[in-house]
1. For residue 129 and residue 33, compute 0.36 nm times the residue count separating them, minus their Cα-Cα distance, and round to one decimal in nm.
2. How far, in degrees from 0 to 90, does helix 142-169 lean away from the longest principal axis of the Cα atoms of the chain, to the nearest 10?
3. Taking only C-alpha pairs under 8 Å that are 6+ residues apart, what is the relative contact order of the chain in percent?
4. At 7 Å along Cα-to-Cβ for each site, give me the label-to-label distance between residue 47 and residue 195 in nm.
5. Which distance in Å, rounded to a whole number, links the C-alpha centroids of region 71-89 and region 115-172?
6. Report, in deg cm²/dmol and to the nearest 500, the calculated mean residue ellipticity at 222 nm for the chain, where each DSSP H run with n ≥ 4 adds -39500 (n - 2.57) and the sum is divided by the residue count.
7. Using a simple spin-label model with points 7 Å from Cα along the Cα→Cβ vector, what separation in nm is obtained for residue 22 and residue 58?
8. Can you tell me the orientation of helix 103-114 relative to the chain, as the angle in degrees between its alpha-carbon axis and the longest Cα principal axis, to the nearest 10?
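Derivation of every value follows stated rules applied to the coordinates shown; laboratory data play no part. Please read these numbers as outputs of a predicted model, since none were measured by experiment. Every residue, glycine as well, gets a Cβ built from its backbone with ideal geometry; the counts of neighbours run over all protein chains shown.
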């Protein structure tokens, strides 16, 4: 535990004095824009999506946190952007979406990207390991812990909406691999049922 904190301090010092900022273009306002471009055809993907996702956007807009710790986040930390040598992290790539936003929001993106199985089920053991590892370097505040289910719901919606937009608008033959938006619809529905971060494996 002590070693992790010392390491975090050394790495953090390398970013001291970094003053550039970049708003998250794919937060609430960006989600609304994507939805406006997709809503009329959403039921082509699954019947009832128009009403379901519209309700999610209303709920998230009304409850989205505004006072959690912020900083520079990766915002797209999926497995294909992370490299390992054996079991040691060796590199991160693809900072295209990097921006300033809530630090715990980046954690929620990782929960969505790393802790679900191929069948769509959440792996609580993976969730516990991820959250324990994160907290060994940077403790989560009580407010961040309380907000985690909502943040995870929001990040699932973010990736559902970008995938939905691409699914509906990418022309046949384009050199773009379309990803199934229904994967993240399933994750979004899962997070709606979560009332406490302990359900992700977080210890008290």
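1. 31.1 nm
2. Tilt of helix 142-169: around 40 degrees.
3. Working: 220 pairs, mean separation 47.4, N = 204.
Reported as a whole number, the value is 23 percent.
4. In this crude label model, residue 47 to residue 195 measures out at 3.2 nm.
5. 14
6. Here the helix-only value at 222 nm equals -16500 deg cm²/dmol.
7. Placing both labels 7 Å along Cα→Cβ, they lie 3.5 nm apart.
8. Its long axis makes an angle of about 70 degrees.
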